[in-house]
Amino acid sequence: MRKIIYLCSHISPLVRVQYRMKNTRVAPFLKTTAVVTALTVIERLLGFFYRIALSKKLGEELLGVYQVSFSVFGVFLTLGMGGLPITVSRFISRFKAENNPQKQNETLSAGFLIAFLCSFLPALGFWLFGRFFTTLLPDERCLPTLNILLVGAIFSSLFAVLRGRQWGNKKFLAPSLFELLEQSVLVLSGILFLSLDSNVPLLERVAWANVLSYAVAFFVALGFSIFEKNGFGSPLPLAKELFRSSLPITAVRIFSSLLVSAVAVLLPLMLVQSGTSNTDAIKLYGVLTGMVLPVLFIPATLIGSLSLVLSPQLSEDFYKKNTVRLKRNIHRGLTLSVLLSGLLIPLVFVLGEDVGNLLFSSATAGEMVKNGSPILLPMSLSMISTSIMNALGNQKLSLKYYLFGAVTLIASIVFLSSPLGAYSYLVGMGANFSLTAVCNLVFLWKNRLVSSGFFKKLSLVCALVLPVALSGQFLKAICVQTLGAYFSIALIGLEITGFALALWFFTQKSPNRRKKL
């Protein structure tokens, strides 16, 4: 008996760690997140390089016009789908927990009805009366581009409902593949249309490529849903409840789209008032939205994948009142977001100028990417915490917090455009994300859904970001002179990533955790 006790007391800690890992849900969660993230990264990379091709084919001015058109189109797209995907997902999760397949079918049908009406009717109104609002647009070429894009809003809104059903059933692979297909069709058709010898304006060709990609994704997803034998029910029993539940999230997204559209009009206007020519103002807006933001929003791709996997599980745990797992998943999502942004900020800060010159041949874009790197942390926290709030049914609070942040963005553009120029947009975005993240985290803290351990990790990452970035900057100054630009970029990237990962690894070691093992 003593020998048995002796052996048990000397079991390797590694064995006990392995036992704990095998009896947790961490591995499936990370595996699903990794698969979705990989597909999303491929999709965004396609879009990223397509945007580079557009910038070179269209030029800064036409790219600016296209970005303005697309930002206004975003308002109509939000009217069509808004909060439907997340709300449909939450309804499916609820009825799945209640083992009620009929209600799941009714949810899908109600979603289709709402999506069609909310996308077709506004589009019809613009097709009939849009010419009376051309004075609100900074360039007359926006109108025909918008008229074409609105056809795609209908297909995209219906496709969003199908995605929501898949998410609610915790099926993430198929929707991710459909989105990858959509992006692939966009890239291929866009390049093909732009290379054709035609009298059709370049902007209209790009718009038709978007419409084609939305249509293909919808019909393929619909065919897959029929193949899976997903049924349809009457849309009427749940239409009102589904619409009402989606309104707060839809309102947030409508305000977000309106905010983007307002910025598209307001920022060039304020730049012109501060002494910039109208052409240069449009170019600066094109550089910001077509070159700088796609780089700065790289974490959004990964955070979006994390939120996609996390939200249905949070909703299920919330309705089943599984508080222990709910808190664990919230902590996991927030921690991964902080880690991701902590790794990327030094990389973007050190290599931002090189990325701008290498990808866009624009020194202005590179400088803005570097100087905008600090917004990555509040952006990541704002995105993941808002997804958590929505999954827990706090959409109205999310709307209120979003509006608080939106006011800071508009105020920054209005009052800071003269001294800061186009940087007023980046400063406003940083303030917007920071305020939203703080409000969300305070709410979660007050409801005991976030522990003090997370805030300690957040503080530690904030403290480590600056020395890691400065070490990379120092290494860059040494290496570029001796090793050349490309080799130096690769070496610096590896150095910063390795240093940050090592620091994070050692800071995660907890004496209490080691004792438990």
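From the square roots a ≥ b ≥ c of the eigenvalues of the alpha-carbon gyration tensor of segment 42-92, which class results: rounded (a/c under 1.5), prolate (a/b over b/c), or oblate?
Working: a/c = 6.83, a/b = 1.85, b/c = 3.70.
Oblate, since a/c reaches 1.5 and b/c is not below a/b.
Considering all projection directions equally, how large on average is the shadow of the alpha-carbon convex hull of segment 224-276, in square nanometres? Don't skip to the answer; put the middle values down first.
Numbers: hull surface 25.8 nm².
Mean shadow area of the hull around the Cα atoms is 6.5 nm².
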If each part is reduced to its alpha-carbon centroid, segment 294-324 and segment 36-81 end up apart, in Å, by 24 Å
How far, in nm, would the chain grow between LYS446 and PHE232 when pulled straight, counting 0.36 nm per residue and subtracting the alpha carbon separation? 72.9 nm
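If R0 is 41 Å, what FRET efficiency do you get for LEU45 and GLU98 from their C-beta distance, rounded to 0.05?
Working: r = 40 Å, r/R0 = 0.98.
The pair LEU45/GLU98 has a calculated efficiency of 0.55.
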Kirkwood Rh and Cα-based Rg: tell me the resulting Rg over Rh for segment 284-408, rounded to two decimals. 1.07
What dipole magnitude, in Debye to the nearest 20, does segment 28-259 give about its Cα centre under +1 on Lys/Arg Cβ and -1 on Asp/Glu Cβ? 760 debye
Mark the label point 7 Å from the Cα of ASN322 along Cα→Cβ and return the residues of segment 81-116 whose backbone N is within less than 12 Å of it. 97
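Compute for segment 28-259: radius of gyration divided by Kirkwood radius, i.e. Rg/Rh, restricted to C-alpha atoms, rounded to two decimals. Could you put the intermediate results ahead of the total?
Details: Rg = 18.4 Å, Rh = 18.6 Å.
With Rh from the inverse mean 1/r over Cα pairs, Rg/Rh is 0.99.
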How many percent of Cα pairs in the chain exceed 36 Å? 35 percent
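Throw me the Rg/Rh for segment 31-152, computed over C-alpha atoms with Kirkwood Rh, two decimals. Spell out each step's value before the answer.
Numbers: Rg = 18.9 Å, Rh = 17.4 Å.
Ratio of gyration radius to Kirkwood radius for segment 31-152: 1.09.
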If the cut-off is a Cα-Cα distance under 17 Å, which aspartates and glutamates reach LYS320, setting aside same-chain residues fewer than 8 apart in sequence? GLU98
32 Å Cα-Cα threshold exceeded, pairs from LYS171/LYS327; LYS57/LYS171; LYS31/LYS240: LYS57/LYS171; LYS31/LYS240
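In nm, what is the difference between 0.36 nm times the number of residues separating PHE415 and LEU177 and their Cα-Cα distance? Let's see the in-between values first.
Numbers: separation 238, 0.36 × 238 = 85.68 nm, distance 4.37 nm.
Once the chain is fully extended between PHE415 and LEU177, it gains 81.3 nm.
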Roughly how big is the chain's charge dipole about its Cα centre, with Cβ charges of +1 (Lys, Arg) and -1 (Asp, Glu), in debye to the nearest 20? 3380 debye
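Based on the Cα atoms of segment 135-249, what semi-axes does the equivalent ellipsoid have, where each is the square root of 5 times one gyration tensor eigenvalue, given in whole Å with the largest first?
Taking √(5λ) for each eigenvalue gives 31, 20, 11 Å, largest first.
Please give the contour-minus-distance gain from ASN357 to LEU470: 0.36 nm per residue of separation, less the Cα-Cα distance, rounded to one decimal in nm. Could you put the intermediate results ahead of the total?
On the way: separation 113, 0.36 × 113 = 40.68 nm, distance 2.10 nm.
Value of the extension gain: 38.6 nm.
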Sticking with the crude label model, points 7 Å out along Cα→Cβ, report the distance from GLU61 to TRP127 in nm, one decimal please. 3.2 nm
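Values quoted throughout were computed directly from the atomic coordinates according to the rules given, and no laboratory measurement underlies them. Given the structure is predicted, the values throughout are model-derived calculations rather than measurements. Cβ: placed from backbone, ideal geometry, glycine included. Neighbour counts: every protein chain shown.
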